[in-house]
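Shown next, in structure tokens, is the structure this report addresses.
What follows is calculated from the coordinates using simple rules that are stated; it is not laboratory data. What you see is a predicted model; the values in this text were computed from it and never measured. All Cβ positions, glycine included, derive from the backbone under ideal geometry; neighbour counts span all protein chains shown.
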Amino acid sequence: MLGNEERLAAFDRFAAEVRGELEETGARMDALRAENKVKSATYKQLFAIRMTLKEIDRRLAGHGL
């Protein structure tokens, strides 16, 4: 079982990973948008991933993380 400090550190790492992945996903979407590929399956998948990551980020921020 993790102690409180270890749990908080784990949540901080998780939050950083989510925000990093959100940034990477946005960059990939921008690249596809620049290629006018907004109707591609990849873009649609990235859009769904971005929406999920944004919701997770919103909830983390709501809890002060």
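One table, with the values for the structure above:
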{"quantity": "Qualifying trypsin sites (Lys or Arg not before Pro) for the chain [loop in DSSP, other Cβ within 10 Å: at most 13]", "calculated": "37, 39"}
{"quantity": "Cα-based helix-to-principal-axis angle, 4-34 vs the chain, degrees rounded to 10", "calculated": "10"}
{"quantity": "Relative contact order (percent, whole number), the chain, Cα cutoff 8 Å, 6+ residue spacing", "calculated": "44"}
{"quantity": "Residue among 38, 56, 27 farthest towards the positive dipole end of the range 22-65, charges placed on Cβ", "calculated": "38"}
{"quantity": "GluC sites (Glu not before Pro) restricted to the chain and DSSP loop, no more than 10 other C-beta within 10 Å", "calculated": "35"}
{"quantity": "Test item: Cα-centred dipole of the chain, Lys/Arg +1 and Asp/Glu -1 on Cβ, debye", "calculated": "440"}
{"quantity": "Cubic angstrom per residue, convex hull over Cα atoms of the chain", "calculated": "78"}
